[in-house]
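To start, the structure under review is shown below, and the notes come after it.
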Amino acid sequence: MELACTPEQLTADWLSQALQASDLLGGARVSAVSQQIIGTGKMGDNLRLTLEYSRPCAAPATMIAKLPAADETARSMAGMMGAYSKEVRFYTELAQHSSMRTPEIYHAMLSDAGTEFILLMEDLAPAEPGDQLQGESLEHARAALSEAAKLHAAFQGNKTLLAADFITKSDPDAAAFGQELLVQNWPGFVERFGSEVSAECLAFGEHYVHRHAQWVASYQGDTTLIHGDFRAENLLFAGADKVTTVDWQTLAESFGLCDVAYLLGGSLEPALRREHEAALLEHYRLALADNGVSLSAEDCWQQYRLGSMHGIMITVLGAMFSAAEERSDRMFLTMIQRHLQHCVDLSAAELIP
């Protein structure tokens, strides 16, 4: 069947074909479909589909369709980074290897070039994403760290699974290219956002962008699979302790504390993070142990310090490679303020002299 990757292509007939293989229709067909745009994602667009069927069946009344970004700049960046390949292949090849909670996938397709895709997935409503601007609660942070520990433990040191060609690797050429992009885009980023960032934080940012490749090379320990963009708005919360992780477009092989530091540094208000980060790190470390991976408190802390710098490249390039919008610009400003302050608080410059 043909790949549908725009809202207009998601007709009742196409959806009937897509869902036949899922064993949910039982001979029924989709007789009507309506669409509602949801979410605030920049690299992909999400629709809630409300479906009617020709007769009663096991298929859900609603599901989520994830499509390539309508924004041409964001879509081009996603294609260049292999973001769509990462997400589709995570769900179809890797998700089953971890007990981390992720949505059920009803149908997945990816073009040969990796620039077009569709995912039909479980609608997790009434679960709601976190709010990057408002900042997360301690309860949500703990729940998210418990899920992160499941992911990191499942892939820790698994060379076979980590060898998948769609997972970003920390090789010198990629690191050098990333540094080149940062150096090129940092002045424009500062021009847009710098007036609302402290001088101390801007100085650290300037220090970092010229040492990104050094940062990438600085970790030499065991690696695992990381989400890479593990933040409030990529987490769906149902109550205080049930969380589902979505948006798997930034998969990488790295150390798990990158995800941890990125979450705490970017999704918590700095005052709350400072007060509770030691206890939250211990919560993660114990959850990791519960899933079979031991990490000393000292190693956990030092890797957390190193991981604090993970959010800088994502925030800078995310802002510069997507169209400016009022809400997303406020989000990028909030993120860079928090991430840079996190690095300053942890004296991260000592790690990349």
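Across segment 128-351, C-alpha contacts under 8 Å between residues 6 or more apart give a mean separation that, scaled by the residue count, equals a relative contact order of 32 percent. Is segment 247-311 rounded, prolate or oblate when judged by the Cα gyration tensor, a ≥ b ≥ c being the square roots of its eigenvalues, rounded requiring a/c under 1.5 and prolate requiring a/b larger than b/c? Since a/c reaches 1.5 but b/c is at least a/b, the shape of segment 247-311 is classed as oblate. Where (1) 32, 25, 19; (2) 35, 27, 17; (3) 35, 22, 19 are the candidate values, the label of the one calculated here for semi-axes √(5λ) of the Cα gyration tensor in Å is (3). Please compute the net charge surrounding Ala18, taking Lys and Arg as +1 and Asp and Glu as -1 over other residues with Cβ under 12 Å from its Cβ. Net charge around Ala18: -1. Helix 199-209 versus the longest principal axis of the chain: what is the Cα-based angle in degrees, 0 to 90, to the nearest 10? So the inclination is approximately 70 degrees. To the nearest ten degrees, helix 72-81 and the longest principal axis of the Cα atoms of the chain are 70 degrees apart.
By the gyration tensor of its Cα atoms, with a ≥ b ≥ c the square roots of the eigenvalues, what is the shape of segment 281-353: rounded for a/c under 1.5, prolate for a/b over b/c, or oblate? Note, shape of segment 281-353 comes out prolate. Between the Cα long axis of helix 270-290 and the first principal axis of the chain there is an angle of about 70°, rounded to the nearest 10. Considering only Val33, Val260, Val209, the Gaussian network model of the chain with Cα springs below 10 Å gives its largest mean-square fluctuation to Val33. The shape of segment 1-154 comes out prolate: with a ≥ b ≥ c from the C-alpha gyration tensor, a/c is at least 1.5 and a/b beats b/c. The residues packed around Phe230, meaning those with a beta-carbon under 10 Å from its beta-carbon, carry a net charge of -3 if Lys and Arg are +1 and Asp and Glu are -1.
When you restrict to C-alpha pairs under 8 Å that are six or more residues apart and normalise by the size of segment 131-253, the relative contact order lands at 43 percent.
Each other residue within a Cβ distance under 12 Å of Asp131 adds +1 if Lys or Arg and -1 if Asp or Glu, for a net charge of -1.
Shown for Ser294, Ser99: other C-beta atoms within 10 Å of each C-beta, ranked fewest to most, produce the order Ser294, Ser99.
Ordering 195-203, 249-257, 24-32, 43-51 by mean Cβ neighbour count within 10 Å, with the highest value first, yields 249-257, 43-51, 24-32, 195-203.
Since every read-out is calculated from the coordinates, none of them should be taken as a lab result. Because the structure is a prediction, the values reported are computed rather than measured. Reconstructed Cβ throughout: ideal geometry from the backbone, glycine too, with neighbour counts over all protein chains shown.
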